[in-house]
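Worksheet: one structure, shown below.
The values are calculated or read from the model by the stated rules, or taken from the named source; none is laboratory data. Computed from a prediction, not measured in an experiment: that's the story for all the values here. Glycine also receives a Cβ, built like all others from the backbone with ideal geometry; neighbour counts cover every protein chain displayed.
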Amino acid sequence: MKRTLSVGLAGAGLIALTLTGCVPNNAGGSAVAVAITDDACDVATDTTASGAVTFELSNTGTDVNEFEILAEDKLRIVGEKENVTPGQTVSYVAQLEPGTYYTACKFQLIGSPIGLAEFTVTGDATAVDADAAELNDAAVTNYIAYIRSQVGELIPAVAAFTTAYASGDDETARGLFAQTRAFYERIEPTAEAFGDLDPKIDYREVDAVAEGLDWTGFHRIEKDLWPPAQGDLNSDGTSAFLDWAPSTTAERTAFAAGLVTDTQQLHDLVNADDFTVSVADISNGSIGLLDEVASGKISGEEDWWSGTDLTDFQANVQGAEVAFGNVEAIARSKGDDGEKLVDDIQSEFDALDALLAQYGSIDDGFVDYTTVTDAQRKELSDQVNALSEPLSQLTALVLGA
Amino acid sequence: MSGMNPDAGPDSAPENTSAAEPAESAADATGGRPSGLSRRGLFGLVGAGAAGLVVGGAAGAAAGTAAASASSQRNAIYPFYGTRQAGITTPAQDRLHFASYDMAAGAGRDDLIELLQDWTYAAARMTQGLEVTDGGAVGGSPLAPPADTGEALGLPAAGLTITFGFGPTLFSTEDGEDRFGIAAQRPELLTRLPRFSGDSLRPELGGGDLCIQACADDPQVAVHAIRNLSRIAFGRASIRWSQLGFGRTSSTSTSQLTPRNLFGFKDGTANVKSEDTKLVDDQVFVGSTDSPAWLAGGSYLVTRKIRMIIETWDRTRLEEQERVIGRDKGEGAPLSGGTEFTEPDFEAETGAGTPAIDTDAHVRLAHPTVNKGASLLRRGYNFVDGNDELGRLDAGLFFMSYQRSPEQFIGIQRSLAADALNEYIKHVGSAIFAIPPGAREGSYVGAPLFA
């Protein structure tokens, strides 16, 4: 007696639905209560039945908050309710298929997820008779939410990183460098779409010099934190000291402030009312992130001084996987070809993730890329190729008739 | 046509089932491939469908006319299907792109079969001057990357042949692992070559699970073939090493002039020629009574990347160069007298009572008479891979020989331990492959191995 629900997938906003048939195991199908405070996000149950799930959100904190439901990767957003104001209680309905999710809140809509908790949805997949436009809308809505959440985490991370760098606490700054970049690397194609921002934030020295730009951003700071020795070469074979000297305290302050300003501008741009992406942007963004890996990370040219390329590598792959996850439902709606392509892509993502896990993780750190042998790099490259070939067919599939 | 097309003459037409073609085997069991690329070969999104069998008629007719002129092979089209693979006795084309592949970690028997089916499909088309798939270069979705990379659009087949081989490690890894359930089928003689005196082998320039030899009279056509076949393999196999060659260094047909290698000498004068069918059958191809049965109609390929110490050779006096080779540099005649095709007389002496052909001359030590009658079908190419760190040309001979048994090569190479030429050469790469028989149309290269 499953009822066909004609809604977009998750995150389509507030949709009044009556639950029938799918009886969630919270008694009588009543809403799942979520108690939100500034530093907690307590969901009354950690499991429910699949279908349209109503969350009753109550914010008893001091400022605006946000409730989000994340996929098993803890990155991709499958539904969110923003702007829950202090004292407000509001219902939010998410269409959830069986699987493992994570719930979390985001105080002041920025920074790390608070109260991240596993949330299991059981039962059968519901037959969602969503039309193409609804699938596309859901993909776009959730991807924009993901972009905003990553930039939202980037801001405080950059603040901590640049504060340590500007104050000369190089050890702390070195420890924060790779993880801070991960938030950026996961959404790099979006940032690159804003013309002059990516060059300011993420250009390597050789690119900035070649284009006659002032060299700023992460990699400028990186070279101060992992300073070259006499005789070291830049990635283009020039002397590491050609037109370069360690930054003075005043210069450090300026580079730190610049990175804060530029990432804040990125935050403002992706949070603007008119910011949007297309389904093609999402799909091509997934492919683009893998191309970033294939061209810059495999060769070790990205993080030339720090050797933290594998963190960027993993973050690019995660970003690609999230983007893929956002259009997966569209791809699956294209019949057998779509189902098969999605399965191929997923199994290659799994293989690549397993391979990368041999070298570490973003949370615990990866081995220095200079210690990865040529044979190991080839193995990584082979798997990137194995994934990229099917992934390169994704856009044609999701936009095809 | 038969004169120019020894691999697919009347004796070896696809209908002829002398080789170990399996009855309806894996090709049919997996849905009638190779009538199209597999999903993984193409990801199911391009209309490859019925295009697979178009390669027969028109192309075959073109081959007949194009191949009629020995001097103009540029437009030659050689049949892909047949009892023996093309590219062995086919008149040696001017250009080579050779690639050795390793199977991906975790790939299994089905992956290997599917890869061979996909390769067969694409190779059968490209050798006929067609795109990898029908309309593959620019006829597909503008939103998807083209199925064919496109650099051969508008170019003729240029005599392209694509020849596939299986290395020892395909059957079982160095650790003895039987990844594809074919360890028991490994030809007993297919093992890593023994160590030879003077070897300077670099592991990254040799070995491999699989190989593809693409030969054509247009380098762009040969490169297009390897590039697209490598792309089709992503996720299943990747290139271990590869070699571009220019300038064939052997003739494999009496209709061809003998070319010169980078030492400036004619090379391959005494090569096995396709017209000598008895010698070809006796020395080049695995016979139906040989073991294993699946290899009947196939061969063994040895590749050796031989670096020439060009600069030293070039300042060697002509007399010494000719003594080392045992032939005169201008005509290629043996130093015992006569013309290029005169058999060398190893008993002949100069007036001073010394051998006309020195005891350590290359031509003597490589000759069948000192090697128990063994000869090789050589198919090598010159190469120049830029320069080394000392500013010397990184140049030499990419030696390839086809033989009925690896013992033929091993014997000759051992005999060459005393070769005066060794002072000027260095073997830096080595590989051996079993070359399966040709595929019957509708089947795929290597099918007998999985029957």
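More than 16 Å from B:TYR101 (Cβ to Cβ) and part of a helix (DSSP H, G or I): which single residue out of B:ALA184, B:ALA147, B:ALA157 fits that description? Break it down into steps so the answer makes sense when it comes.
On the way: B:ALA147 fails: part of a helix (DSSP H, G or I); B:ALA157 fails: part of a helix (DSSP H, G or I).
Just a single option satisfies the conditions, and that option is B:ALA184.
When A:VAL90, A:VAL140 are checked against the criterion of being assigned to a strand (DSSP E or B) and not basic (Lys, Arg), a single residue qualifies: A:VAL90.
Scanning region A:306-338 for residues that are within 13 Å of chain B (Cβ to nearest Cβ) and more than 20 Å from A:VAL78 (Cβ to Cβ) turns up A:LYS334, A:GLY335, A:ASP336, A:ASP337.
Taking into account only those residues within region B:280-316 that are acidic (Asp, Glu) and free of Cβ contacts under 8 Å to residues at least 12 places away in the same chain, which is nearest to B:THR89 (Cα to Cα)?
Keep residues of region B:280-316 that are acidic (Asp, Glu), which gives B:281-282, B:290, B:311, B:314.
Within this subset, residues satisfying the condition of being free of Cβ contacts under 8 Å to residues at least 12 places away in the same chain are B:281, B:314.
Working: B:ASP281: 11, B:ASP314: 32 Å.
Out of the qualifying residues, it is B:ASP281.
For region B:402-451: of the residues being of a type in the set (Ser, Thr, Tyr) and out of contact with any Leu (no Cβ under 8 Å at 6 or more places or on another chain), which is surrounded by the fewest Cβ atoms within 10 Å (Cβ to Cβ)? Checking each candidate, the answer is B:TYR424.
A Cβ distance below 9 Å, combined with a sequence gap of six or more or placement on separate chains, defines the contacts here; from region A:28-50, residues that are touching a residue at least 12 places away in the same chain (Cβ under 8 Å) and over 19 Å from A:THR85 (Cβ atoms) reach residues that are of a type in the set (Val, Ile, Thr) and not in a strand (DSSP E or B) in the pairs A:VAL32/A:THR45; A:ALA49/A:VAL23; A:SER50/A:THR126.
Report yes if A:ALA280 is within 14 Å of another protein chain (Cβ to nearest Cβ), over 23 Å from A:GLU379 (Cα atoms), in a helix (DSSP H, G or I) and modelled with pLDDT under 95, otherwise no.
Working: within 14 Å of another protein chain (Cβ to nearest Cβ): yes; over 23 Å from A:GLU379 (Cα atoms): yes; in a helix (DSSP H, G or I): yes; modelled with pLDDT under 95: yes.
Answer is yes for this residue.
Conditions (1) touching a residue at least 40 places away in the same chain (Cβ under 8 Å); (2) outside any loop (DSSP other than H, G, I, E, B), marked per residue:
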{"site": "B:SER336", "(1), (2)": "no, no"}
{"site": "B:PHE341", "(1), (2)": "yes, no"}
{"site": "B:GLY353", "(1), (2)": "no, no"}
{"site": "B:ILE357", "(1), (2)": "no, no"}
{"site": "B:LYS372", "(1), (2)": "no, no"}
{"site": "B:SER375", "(1), (2)": "yes, no"}
{"site": "B:ASN382", "(1), (2)": "yes, yes"}
{"site": "B:LEU390", "(1), (2)": "no, no"}
{"site": "B:ASP394", "(1), (2)": "yes, yes"}
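Would you please name the residue that is nearest to A:VAL158 (Cα to Cα), looking only at residues in region A:210-248 that are of a type in the set (S, T, N, Q) and over 33 Å from the mean Cα position of the chain (by Cα)? Quick ask: steps written out before the conclusion?
Here is the first cut: in region A:210-248, the residues of a type in the set (S, T, N, Q) are A:216, A:230, A:234-235, A:238-239, A:247-248.
Filter once more, so that each one left must be over 33 Å from the mean Cα position of the chain (by Cα): A:230, A:238-239, A:248.
Values: A:GLN230: 30, A:THR238: 30, A:SER239: 29, A:THR248: 20 Å.
The selected residue is A:THR248.
Before we move on, is A:LEU135 under 30 Å from A:ASP38 (Cβ atoms) and either out of contact with any Asp or Glu (no Cβ under 9 Å at 6 or more places or on another chain) or among the β-branched types (Val, Ile, Thr) (or both)? Don't jump to the end; show me each part of the working.
Numbers: under 30 Å from A:ASP38 (Cβ atoms): no; either out of contact with any Asp or Glu (no Cβ under 9 Å at 6 or more places or on another chain) or among the β-branched types (Val, Ile, Thr) (or both): yes.
The answer is no for A:LEU135.
Can you tell which of B:ALA348, B:ALA352, B:ALA366, B:ALA293 is surrounded by fewer than 16 Cβ atoms within 10 Å (Cβ to Cβ), closer than 30 Å to B:SER100 by Cα and among the hydrophobic types (A, V, I, L, M, F, W, C)? Step through it out loud before you land on a result.
Numbers: B:ALA348 fails: closer than 30 Å to B:SER100 by Cα; B:ALA352 fails: closer than 30 Å to B:SER100 by Cα; B:ALA366 fails: surrounded by fewer than 16 Cβ atoms within 10 Å (Cβ to Cβ).
Every option except B:ALA293 fails the conditions.
Per this entry, B:MET103 is counted among residues that are among the aliphatic types (A, V, I, L, M), within 14 Å of another protein chain (Cβ to nearest Cβ) and either in contact with a strand residue (DSSP E or B) (Cβ under 6 Å, 6 or more places away or on another chain) or crowded, with 20+ Cβ neighbours inside 10 Å (or both).
Within region A:224-246, can you find the residues that are in contact with an Asp or Glu (Cβ under 7 Å, 6 or more places away or on another chain) and either touching a residue at least 24 places away in the same chain (Cβ under 8 Å) or acidic (Asp, Glu) (or both)? Give the derivation first.
Kept after step one, since they are in contact with an Asp or Glu (Cβ under 7 Å, 6 or more places away or on another chain), are these residues of region A:224-246: A:225, A:234-235, A:240, A:246.
Within region A:224-246, A:LEU225, A:ASN234, A:SER235 meet the criteria.
Of all residues in region B:82-109, those that are under 13 Å from B:ALA222 (Cβ atoms) have Cβ atoms under 8 Å from Cβ atoms of residues that are of a type in the set (Asp, Glu) and at pLDDT 95 or above, 6 or more apart or on another chain, in B:GLN93/B:ASP217; B:ASP94/B:ASP217; B:ARG95/B:ASP217; B:ARG95/B:ASP218.
Before we move on, is A:ALA315 surrounded by fewer than 16 Cβ atoms within 10 Å (Cβ to Cβ) and assigned to a helix (DSSP H, G or I)? Let's see the steps before the verdict.
Details: surrounded by fewer than 16 Cβ atoms within 10 Å (Cβ to Cβ): no; assigned to a helix (DSSP H, G or I): yes.
No, not satisfied.
Within region B:200-230, restricting attention to residues that are within 18 Å of B:GLY429 (Cβ to Cβ) and within 14 Å of another protein chain (Cβ to nearest Cβ), the residue that is surrounded by the fewest Cβ atoms within 10 Å (Cβ to Cβ) is B:PRO203.
The condition (being touching a residue at least 12 places away in the same chain (Cβ under 8 Å), within 14 Å of chain A (Cβ to nearest Cβ) and assigned to a loop (DSSP other than H, G, I, E, B)) is satisfied by just one residue among B:GLY129, B:GLY136: B:GLY136.
Would you confirm whether or not region B:239-255 contains a residue that is within 14 Å of chain A (Cβ to nearest Cβ) and hydrophobic (A, V, I, L, M, F, W, C)? Yes, some residue in region B:239-255 is within 14 Å of chain A (Cβ to nearest Cβ) and hydrophobic (A, V, I, L, M, F, W, C).
Please count how many residues of region A:51-71 are part of a loop (DSSP other than H, G, I, E, B) and either in contact (Cβ under 8 Å) with a residue 60 or more places away in the chain or not assigned by TED's automatic domain parsing to the domain that holds A:LEU109 (or both). Spell out the reasoning first.
Residues of region A:51-71 that are part of a loop (DSSP other than H, G, I, E, B), as a first pass: A:60-64, A:71.
Among the residues that remain, those that are also either in contact (Cβ under 8 Å) with a residue 60 or more places away in the chain or not assigned by TED's automatic domain parsing to the domain that holds A:LEU109 (or both) are: A:71.
Qualifying residue count, region A:51-71: 1.
With respect to A:VAL327, determine if the residue is over 14 Å from the mean Cα position of the chain (by Cα) and aliphatic (A, V, I, L, M). Spell out how you get there, then give the answer.
On the way: over 14 Å from the mean Cα position of the chain (by Cα): yes; aliphatic (A, V, I, L, M): yes.
In short, yes.
On the basis of being assigned to a loop (DSSP other than H, G, I, E, B), hydrophobic (A, V, I, L, M, F, W, C) and within 14 Å of chain A (Cβ to nearest Cβ), does B:ALA76 make the cut? It is false that B:ALA76 is assigned to a loop (DSSP other than H, G, I, E, B), hydrophobic (A, V, I, L, M, F, W, C) and within 14 Å of chain A (Cβ to nearest Cβ). Residue count for region A:341-354 under the criterion of being within 12 Å of another protein chain (Cβ to nearest Cβ) and surrounded by fewer than 17 Cβ atoms within 10 Å (Cβ to Cβ): the result is 4. Considering only region A:215-251, state which residues are touching a Leu at 6+ places or on another chain (Cβ under 9 Å), among the small types (Gly, Ala, Ser) and crowded, with 19+ Cβ neighbours inside 10 Å. Answer for region A:215-251, where residues must be touching a Leu at 6+ places or on another chain (Cβ under 9 Å), among the small types (Gly, Ala, Ser) and crowded, with 19+ Cβ neighbours inside 10 Å: just A:GLY217. For region A:373-390, filtered to residues that are more than 7 Å from chain B (Cβ to nearest Cβ) and of a type in the set (S, T, N, Q), the residue that is farthest from A:ALA133 (Cα to Cα) is A:THR373.
For A:GLN393, the stated conditions hold: it is within 14 Å of chain B (Cβ to nearest Cβ), over 19 Å from the mean Cα position of the chain (by Cα) and surrounded by 17 or more Cβ atoms within 10 Å (Cβ to Cβ). Among the residues of this structure, B:ALA233 counts as one that is out of contact with any strand residue (DSSP E or B) (no Cβ under 6 Å at 6 or more places or on another chain) and crowded, with 22+ Cβ neighbours inside 10 Å.
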